[in-house]
Structure formats: C-alpha cells, structure tokens
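A.B. asks: Below is a structure I'd like to ask you about.
Readers should treat all values here as calculations from the given coordinates under stated rules, not as data from a laboratory. Not measured: the values here are computed from a predicted model. Positions of Cβ are generated from backbone atoms using ideal geometry, with glycine treated the same way; all protein chains shown enter the neighbour counts.
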Amino acid sequence: MPSMHLDKVKEFDSELHGMLLREQQRQMDGIELIPSENIVSDAVLEAMGSVPTNKYSEGYPGKRYYGGNEVIDEIENLAINRLKKLFDCEHANVQPLSGSPANMAAYSALLKPNDTIMGLRLDMGGHLTHGYKINFSGQFFKGEPYVLDKKTELLDYDEILKQAKTVKPGVIVSGYSAYPRKIDFKHFKEICEEVDAYSMADIAHIAGLIVGKQHDNPFPHTDVVTTTTHKTLRGPRGAAIMCKEEFAQAIDKAVFPGMQGGPHEHIVAAKAVAFKECLMPEFEEYAKQIVLNAKAMASELMEKGWRLVSNGTDNHLMLVDVWSENITGKDAELALEQVGIYCNKNTIPWDERSPFNPSGIRIGTPVLTTRGMKESESKLIAELIDKTLKNKDNVSAKKRIKQEVKELCQKFVFYD
Ligand code: DSN
C-alpha cells in the first residue's frame, strides 16, 4: 500500500510532520469528490521527492544553458516520448509548471496581444484562463465567450460557428472545468477552419479519460492541446503542452524563455512515472471504471430526485442543481464537508445566483475510483449525499453519516 516516507521530516520538524500526517488522515477518512483531484502512486510521490530538484536546466534536452544536464536530458526525453505515445501527437513540452502558465504559453505562441479568444463562459463550466476578464487571458487578449444551449445545457456547435463568424477569434478553445458531456473536437476543428482560427483544447479534466479510451482524442484535429498532469492523468501537480509539429518551435519558445525559467525536473521525472502508469493496460480499466462510477452515482442521485445539469454525465463529473431543492451550493458544500464528503460549490449553466453562493455543486469520481471503489460504493455515496443534504441542519444525523463515511473509507485505504 502506498505511503508517505517522512522519517527525516519527523526527525527534523515534528510540527510540520504532524500537519502532513493529519492531511493524509483527512484524505483517507473522507470521500473526495472534487473532480479535478486525484491521489498518486508511491512511485509518483517518490519521484517528486527526488534529486533533480537540485538542478538548473533552462532550455531543452541537448540545448541547455547550464552544464551537467546529461541525465536530466534523458529524464525529460523519457517524459516527452511517453506523452507523445499516449496522445499520438507530434510534439510535447513537459515543462509547464501548471495549467494556467501552460495556457498562457499556448496563447502567446498562437496570438498577438488583443487578439480574440473564444472559450466557454466561466459560469457555464469554462475556465478563468479561457478569456475571462479578470484573468491575464482576458486582459492581454480579448475574451468573447460562447455559451451552452439554455434548454439542453449542451454545446451548440451551430451557435458557436455563428458567433465565430462575427467575432473572428484568433483561437477557439474547447475543454472545460465543469462540463459533464463529451466534446466533439473534429467539429471544433471544422469551425476553426471556416473562420481561420487556431484550434486549442484544454483537456486538463479529461486527459486520463482520453488515454484510457473513454473519450475521443483531440489529435489529429486540434492544433495545440494543454493539460494538467494531476487530475485524471493521476500524476504530479503540473502541466504539459502538446501540438502539431508546425507549432513546436513557437510553443517551446513560449514556455522558455517566454514564460518560465528553470524547469522543475523532479516533477518532470514524476510526470514520466505517471505517463508510464497511463501506458499500462490497467489504466484503461481505471478510466472505464471512473465513467461507470460517475454514471452509477448520477443515476442514483436522479432517482432520489436531484436535478443534474444535462440530466447526467458521459465523463468523470456531474453538476447537481441543489438550488432546485432550495439549498444553495455553499450550504451544500458545507454540509457535505461536515460529514467528510468533499466537493465544490459551482455555478450551473445560466445560473441566476452569484459564483460565491451558486446553485450547484460539482462532484466526480476519479479519486474514489483510484481507491478501488466501484458502482455499488458510488451508489452508496450518492445515498449519503442525499441523506446529508436532506438533513443538512440536523447535527446528530450528520454525525451518524460521518461515521458511515469513515467506515466506507476504512475499507478503501490508499495511503497507510
Ligand atoms: N481548479 C481546477 C478545477 O478544479 O477544475 C481548474 O483549474
């Protein structure tokens, strides 16, 4: 069973050691439903704590600005080649530190300042970095967001094309933070070709589903693809950019020297480990189970009377419209936290409430699936969610539910 190796921390810094153990315990005693989180293997954890953290290696394999990088070059090439294999793409850059800088680098490779970015509106399930006005992406560039169909709560490709013809974007971004359905990357490419825009996909949420063959690959359709590595890919906290060969030089230059300095090669090493795990046949089983679990949870919630955005899910996440039962997203998140079920409040499409206290919660199954839970546990968790929300002000009921949560978790310990 994976575990944190903390002997030296324990010896030197008992104060921090206690905190790290409590966080591990919290992760093990609770049901983590935040769909952008995951828990990593021992091998990924070990690689993150390894000696490449000591090394400066600005540049790329074979072209560094410091000596002593021969082994680092091998590590980075290993990660690059595994990632290219996973997504069948022509070029990969594994240096981006996180999702936002990866998107920044992609835009700076593709666009000039003030060019237009068309991404899904934030409150519809898009991301801050897809052109939102208080983010760099909406300040250095112009955001012209598209929306979801009001009735179906789905992407409306005809409307996206119509809008693109009017606003003439430099890039159209697909890929979302809170969209429970599949994305048609080919259709996005056709729209981009019609309006002469670059196609970009931010697949941070669904990357693991793509490599596990539960969602179509954005390649060969999409020009530039960004992803984080710590969500469904189940790697270290970080990111990567993949692209067609014609964009390779621009992307590499945008990451370094355009955006970043010394890469975090210990994290690149951990990315290499995670990518190897993704290449194993078991990973396809994992991705399949994530979706089966999400579907089981969604149908149980709907059976209990909860409205789900778009009436269900095709992927790893779902949005529950708790306001349709007169509970705010904030109150729902808090009540669930009190029983050890972690999720996040989230706007739903066309939300009339504020993002600080929206109408929905966002839940997903990557973590519980990593812990080995299957459809029956996913249904049980849906029942626990239902019970908690229906008893959100009942302290003794919540105490009992917390105990049930703990008992379930004890059967699926990941770190011991
Ligand atoms: N914070 C991530 C999420 O929760 O979806 C997106 O960056």
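A.B. asks: Say a paramagnetic label sat at a point 7 Å from the Cα of residue 415, along Cα to Cβ; which residues of segment 33-53 have their backbone N under 18 Å from it?
C.D. replies: 33-50
A.B. asks: If each residue of separation counts as 0.36 nm, what is the full-extension length gain between residue 159 and residue 53 once their alpha-carbon separation is subtracted? Let's see the in-between values first.
C.D. replies: Working: separation 106, 0.36 × 106 = 38.16 nm, distance 4.75 nm.
Result: 33.4 nm gained on full extension.
A.B. asks: If you don't mind, another one. What translational D, rounded to a whole number of µm²/s, comes out for segment 356-402 from Stokes-Einstein when the hydrodynamic radius is the Kirkwood one over Cα pairs, at 37 °C and 0.692 mPa s? If you can, show how the numbers build up before the last one.
C.D. replies: Details: Rh = 12.2 Å.
Reported coefficient: 268 µm²/s.
A.B. asks: Expressed as a rounded percentage, what relative contact order does the chain have, with Cα pairs under 8 Å and six or more residues apart?
C.D. replies: On the way: 858 pairs, mean separation 93.4, N = 416.
Relative CO of the chain lands at 22 percent.
A.B. asks: Would you mind checking which residues have amide H under 5 Å from residue 90's amide H? H placed 1.01 Å from N; only 5 or more apart, or other chain.
C.D. replies: Those lying under 5 Å, H to H, from residue 90 are 243, 245.
A.B. asks: Express as a percent, rounded to the nearest 5, the fraction of DSSP beta bridges in the chain (both residues included) that run antiparallel. Each step should come with its number before you reach the end.
C.D. replies: Working: 20 of 34 bridges.
Counting DSSP beta bridges with both partners in the chain, the antiparallel share is about 60 percent.
A.B. asks: Just for the Cα atoms in segment 1-81, what are the lengths along the principal axes, largest first, rounded to whole Å?
C.D. replies: 46, 34, 21
A.B. asks: May I pose another question? Just to confirm the filter: which trypsin sites (Lys or Arg not before Pro) across segment 312-393 are DSSP coil and have at most 16 other Cβ within 10 angstrom of their Cβ? Display every interim value, and only then the final one.
C.D. replies: Numbers: sites: 330, 345, 353, 362, 371, 374, 379, 387, 390, 392; in loops: 353, 371, 374, 392.
Loop-located and lightly packed - 374.
A.B. asks: With the calculation restricted to Cα positions, what are the radius of gyration and Dmax of segment 315-379 in angstrom?
C.D. replies: Radius of gyration, then largest Cα-Cα span, for segment 315-379: 12.6, 38 Å.
A.B. asks: Any chance you could list P(r) for segment 177-256, counting all Cα-Cα pairs in 5 angstrom bins from zero, rounded to whole %?
C.D. replies: Percent of Cα pairs in each bin: 3, 15, 23, 24, 20, 11, 3, 0.
A.B. asks: Still on this structure: For segment 142-235, run through the GluC sites (Glu not before Pro) and keep only the ones in DSSP coil with at most 12 other Cβ atoms within 10 Å of their Cβ. Display every interim value, and only then the final one.
C.D. replies: Details: sites: 153, 159, 190, 193, 194; in loops: 153.
Those that pass, being in a loop and sparsely packed, number zero.
A.B. asks: Taking N as the number of residues in segment 375-416, what is its alpha-carbon radius of gyration divided by 2.2 N^0.38 Å?
C.D. replies: Values: Rg = 11.3 Å, N = 42, 2.2 N^0.38 = 9.1 Å.
Expressed relative to 2.2 N^0.38 Å, the Cα Rg reads 1.24.
A.B. asks: Let me have the 222 nm mean residue ellipticity of the chain computed from DSSP H runs of 4+ only, each contributing -39500 (n - 2.57), with the sum over all residues rounded to the nearest 500.
C.D. replies: Details: 16 runs with 181 residues, N = 416.
Helix contribution divided over all residues of the chain: -13500 deg cm²/dmol.
A.B. asks: Three principal axis extents, largest first, for the C-alpha atoms of segment 294-416, in Å?
C.D. replies: The Cα atoms of segment 294-416 stretch 43, 35, 26 Å along their principal axes.
A.B. asks: Further question: What distance in nm separates the two pseudo spin-label positions at residue 149 and residue 65, each 7 Å out from Cα along the beta-carbon direction?
C.D. replies: Taking the two extended label points, one gets 5.1 nm.
A.B. asks: Using θ = phi - 60° and the Karplus relation 6.51 cos²θ - 1.76 cosθ + 1.60, list the HN-Hα couplings for segment 94-110 in order, rounded to whole Hz, with x at every Gly or Pro.
C.D. replies: For segment 94-110, the Karplus-derived couplings read 9, 8, x, 6, 6, x, 5, x, 5, 5, 4, 5, 4, 5, 5, 6, 9 Hz, x marking Gly and Pro.
A.B. asks: Here's another thing I want to ask about it. Describe numerically, in nm with one decimal, the distance between label points set 7 Å from Cα along Cα→Cβ at residue 20 and at residue 288.
C.D. replies: Here the answer is 3.7 nm between the modelled labels.
A.B. asks: Moving on to the next point. Can you tell me how the chain classifies by the Cα gyration tensor, rounded, prolate or oblate, using a/c under 1.5 as the rounded cut?
C.D. replies: On the way: a/c = 1.89, a/b = 1.13, b/c = 1.66.
Cα axes put the chain in the oblate bin.
A.B. asks: Looking at segment 372-416, which chymotrypsin sites (Phe, Trp or Tyr not before Pro) are DSSP coil and have at most 16 other C-beta atoms within 10 Å of their C-beta?
C.D. replies: Details: sites: 412, 414, 415; in loops: 412, 414, 415.
Taking segment 372-416 and a limit of 16 other Cβ atoms within 10 Å, the loop chymotrypsin sites (Phe, Trp or Tyr not before Pro) found are 412, 415.
A.B. asks: Which pairs in the list 330/411; 330/398; 186/295 are over 21 Å apart, alpha-carbon to alpha-carbon?
C.D. replies: Numbers: 330/411 29 Å; 330/398 17 Å; 186/295 25 Å.
The pairs that break the limit, which is 21 Å between Cα atoms, are 330/411; 186/295.
A.B. asks: Moving to a separate point now. Take every DSSP beta bridge whose two residues both sit in segment 150-309, then give the antiparallel share in percent to the nearest 5. Could the numbers behind the result be given before it?
C.D. replies: Values: 5 of 12 bridges.
Here the antiparallel bridges make up roughly 40 percent for segment 150-309.
A.B. asks: Please compute the length gained on full extension between residue 34 and residue 374, using 0.36 nm multiplied by the number of residues separating them and subtracting their Cα-Cα distance.
C.D. replies: Details: separation 340, 0.36 × 340 = 122.40 nm, distance 1.70 nm.
Full extension from residue 34 to residue 374 adds 120.7 nm.
A.B. asks: Per residue Cα convex hull volume for segment 1-150, in cubic angstrom?
C.D. replies: On the way: hull volume 31.3 nm³, N = 150.
Per residue, the Cα convex hull of segment 1-150 comes to 209 Å³.
A.B. asks: Next question. For the ranges 265-276, 303-314, 82-93, what's the packing order if you count other beta-carbon atoms within 10 Å of each residue, average per peptide, and put the highest first?
C.D. replies: Values: 265-276: 25.2, 303-314: 17.8, 82-93: 19.8.
My ranking of the peptides, most packed first, is 265-276, 82-93, 303-314.
A.B. asks: Oh, and also: If you take the beta carbon distance between residue 399 and residue 190 as r and set R0 to 41 Å, what does 1/(1 + (r/R0)^6) give as a FRET efficiency, to the nearest 0.05? Please list the in-between numbers first.
C.D. replies: On the way: r = 55 Å, r/R0 = 1.34.
My answer for the efficiency is 0.15.
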